[in-house]
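**Student:** Pasting in a structure now, in C-alpha cells, and then I'll have a few things to ask.
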Amino acid sequence: MVSVRNHLPLNALRAFEASARHLSFTKAGLELRVTQTAISHQVKQLEEMLGSSLFRRLPRGLALTDEGLALFPVLSDAFSRISGAIDRIEAKGIREVVTVGCVGTFATGWLLQRLDSFRNSHPYIDLRLLTNNNRVDMAGDGLDLALRFGDGSWHGTEAIHLMPAPLSPVCHPDIAARLRQPSDLARENLLRSYRAEEWPLWFAVAGAPCPLIQGPIFDSSIAMAEAASRGVGVGLVPIAMFQSELVTGRLARPFSSEIAAGSYWLTWLKSKERTPGMRAFHDWLVDAVRTDVPDRETRSVTEHRDKRLRQTKCD
C-alpha cells in the first residue's frame, strides 16, 4: 500500500499552514493571494487525503483539532527552513556556519578588532565564536576550529602556529611607581594562573629570587589583568594582548623581562574534513597574522610611557 505522504499536494499543505497560523481561511487567502474558497477547498482536499479533520469550523473562525495541532508546527518549521534556504540562494551564495572556539585573551586582545575584515571578505560565512579559558573539547563542543594557547601539541589535532605570546608583569600605575627592581615584587600581591611554573620562570629570567607566591589564582588572563588594573596585585599576562590597556594607562608594565611560556595556535581535529568555510577562515587568519604590523603610534606611546617610568624610578 502506497502512503498518501508521497502524493500530498504542496499547495494544500501551504494552505493548511497559513490557515492554522491565522485560524482563518480568509486571512490565509489574503496572504497567499488566492480566494477564501480556494483555501477552503485545498484544506478540505488535504483532510480527505489524510482521512482526518484538521480544523473544527466554528461560527466565528477555526480551531485546530488534535491532528491539526500535531501537523501545524512541523509544517511551519519546514516552510520556514525552505524560505530561509531560498533567501540565501537568491542572495547569491549558500551561507556556511563555521564554529570557532577561542581562548578569551586572544579574542579580546587581537581577534575581535579584526572580525570586520573577515566578514567583509567572506560575507557568506556565518562565524560562530565561542570563547573559553583554554580548556577545549573540540568534538564535545562541536568546534570546527579552535584558537588555543600552548605548545601546539594536542592529541588528535592539527596545529598551525600563529604568534608567540610572551608573558610579562602588569599592574596598576601606582604600584608600578614603587617597583624599582624585580626583587621589589616580593612585597606585592602576585596574581597567579593555573600554570604554577610561570612566576618562578619569570623571576629566573629577571635574575631575582622567587618569593613565596600566595596571590589569588585565575583561569583567565583577562580576569587577571582586570584585577591588576584595579590594584589587586601584579599579574603575569601575554603582554601583546593588552596593548590598549597599556596605552590608555589602565595598566603599567614595570619591567621589560618576559618569558616564552607558549604561543597561540589554530587547531582542528585530524579526523574532521575541512569545509570551504574552515579553509577560508584558516587562510584569512594566517594572512592577517602575517601582515599584522604593530601600530607605530601605539608603539611610540608605549615606549614613551616605559621611558617616563624608568626616569621616575631613577629620580
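**Student:** Work from the charge dipole of the chain (Cβ charges, +1 for Lys and Arg, -1 for Asp and Glu, about the Cα centre) and give the residue of Phe218, Val97, Ser271 farthest towards its positive end.
**Tutor:** Val97
**Student:** Would you grab the residues whose amide H sits under 5 Å from the one on Val234? Only those 5+ places off in sequence or on another chain, please, with H modelled 1.01 Å from N.
**Tutor:** For Val234, whose amide H was placed from the backbone, the distant partners under 5 Å are Asn189, Leu190, Leu191.
**Student:** When ranked by the protection proxy of mean other Cβ atoms within 10 Å per residue, highest first, what sequence do the peptides 248-257, 96-105 form?
**Tutor:** Working: 248-257: 18.1, 96-105: 20.7.
Going from most to least packed, we get 96-105, 248-257.
**Student:** Separate question: Roughly how big is the chain's charge dipole about its Cα centre, with Cβ charges of +1 (Lys, Arg) and -1 (Asp, Glu), in debye to the nearest 20?
**Tutor:** 560 debye
**Student:** What is the distance, in nm, between label points placed 7 Å from the Cα along the Cα-to-Cβ direction at Arg60 and at Trp154?
**Tutor:** With each label placed 7 Å out from Cα toward Cβ, I get 6.0 nm.
**Student:** To continue, here is another question. Can you give the extra length, in nm with one decimal, that the chain gains between Asn120 and Thr291 once fully stretched, where that is 0.36 nm per residue apart less the Cα-Cα distance? Can you show the working numbers first?
**Tutor:** Working: separation 171, 0.36 × 171 = 61.56 nm, distance 1.72 nm.
Taking Asn120 through Thr291 to full extension adds about 59.8 nm, to one decimal.
**Student:** Does the stretch 4-90 classify as rounded, prolate or oblate by the C-alpha gyration tensor (a ≥ b ≥ c root eigenvalues; a/c under 1.5 gives rounded; else a/b over b/c gives prolate, otherwise oblate)? If you can, show how the numbers build up before the last one.
**Tutor:** Values: a/c = 1.68, a/b = 1.35, b/c = 1.24.
Prolate, since a/c reaches 1.5 and a/b exceeds b/c.
**Student:** Using unit Cβ charges (K, R positive; D, E negative) and no other charged atoms, how large, in debye to the nearest 20, is the dipole of the stretch 4-90 about its Cα centre? If you can, show how the numbers build up before the last one.
**Tutor:** Values: 11 positive and 9 negative charges, 47 e Å.
I would put it at about 220 debye.
**Student:** OK, next. Give me the percent of DSSP beta bridges within the chain that run antiparallel, rounded to the nearest 5.
**Tutor:** Values: 22 of 36 bridges.
Of all bridge pairs located within the chain, approximately 60 percent are antiparallel.
**Student:** So, one more: When the chain is treated as a GNM, springs tying every alpha-carbon pair under 10 Å, which of Val237, Val289, Val74 comes out with the largest mean-square fluctuation?
**Tutor:** Checking each option, the largest mean-square fluctuation is seen for Val74.
**Student:** Here's something else I'd like to know. I need to check one value: relative contact order of the chain, counting alpha carbon pairs closer than 8 Å and at least 6 residues apart, in percent. If you can, show how the numbers build up before the last one.
**Tutor:** Working: 445 pairs, mean separation 58.5, N = 315.
Computed over the chain, the figure is 19 percent.
**Student:** Determine, for each peptide in 119-129, 8-18, the mean count of other beta carbons within 10 angstrom over its residues, then list the peptides with the highest first.
**Tutor:** On the way: 119-129: 14.3, 8-18: 18.4.
Output ranking for 119-129, 8-18: 8-18, 119-129.
**Student:** Right, another one. What's the extension gain from Ala223 to His7 if we count 0.36 nm per residue and subtract their Cα-Cα distance? Write out the running numbers ahead of the final one.
**Tutor:** Numbers: separation 216, 0.36 × 216 = 77.76 nm, distance 6.03 nm.
Additional length available on full extension: 71.7 nm.
**Student:** Okay, next question. With a cut-off of 14 Å, note down the residues of the stretch 130-174 whose backbone N falls inside the zone around a label point 7 Å from the Cα of Lys270 toward its beta carbon.
**Tutor:** Counting only backbone N, you get 153-160.
**Student:** Now a separate question. Place +1 on the Cβ of every Lys and Arg and -1 on the Cβ of every Asp and Glu in the chain, take the dipole about the Cα centre, and give the residue among Ala165, Gly262, Gly231 whose Cα lies farthest towards its positive end.
**Tutor:** Gly231
**Student:** Ok, one more. Relative contact order for the stretch 167-260: what percent, with Cα pairs under 8 Å and sequence separation of 6 or more? Provide the component values of the computation, followed by the final result.
**Tutor:** Details: 156 pairs, mean separation 47.6, N = 94.
The normalised contact order for the stretch 167-260 reaches 51 percent.
**Student:** Between Leu50 and Arg21, take the C-beta separation as r, use R0 = 25 Å, and let me know the FRET efficiency to the nearest 0.05. Walk me through the intermediate numbers first.
**Tutor:** Numbers: r = 19 Å, r/R0 = 0.75.
The formula returns an efficiency of 0.85 here.
**Student:** Give me the angle, in degrees from 0 to 90, between the Cα long axis of helix 10-22 and the longest principal axis of the Cα atoms of the chain, rounded to the nearest 10.
**Tutor:** 70 degrees
**Student:** Can you give the charge dipole size of the stretch 167-260 about its Cα centre, rounded to the nearest 20 debye, using +1 on the beta carbon of Lys and Arg and -1 on the beta carbon of Asp and Glu?
**Tutor:** On the way: 8 positive and 9 negative charges, 39 e Å.
Around 180 debye, computed over the stretch 167-260.
**Student:** So for the stretch 167-260, taking the charge dipole from beta-carbon charges (+1 Lys/Arg, -1 Asp/Glu), which of Ala176, Gln243, Ser193 sits furthest toward the positive end?
**Tutor:** Towards the positive end, the residue furthest out is Ala176.
**Student:** Which shape class applies to the stretch 167-260: rounded if a/c is under 1.5, otherwise prolate when a/b exceeds b/c and oblate if not, where a ≥ b ≥ c are the square roots of the Cα gyration tensor eigenvalues? Can you show the working numbers first?
**Tutor:** Numbers: a/c = 1.38, a/b = 1.19, b/c = 1.15.
Rounded shape, in that the Cα axes give a/c under 1.5.
**Student:** Using the beta-carbon distance between Arg178 and Ser80 and R0 = 45 Å, what value does 1/(1 + (r/R0)^6) give for FRET efficiency, to the nearest 0.05? It would help to have the intermediate numbers written out before the result.
**Tutor:** Numbers: r = 63 Å, r/R0 = 1.39.
Rounded to the nearest 0.05, the efficiency is 0.10.
**Student:** Arranged by the count of other C-beta atoms within 10 angstrom, fewest first, what order do Thr291, Thr35, Thr131 take?
**Tutor:** Thr291, Thr35, Thr131
Every number in this text was worked out from the coordinates using simple rules, so none of it is lab data. Note that the structure is predicted; figures quoted are calculated from it, not measured. Neighbour counts are summed over all protein chains in view; Cβ atoms, including those assigned to glycine, are modelled from backbone coordinates with ideal geometry.
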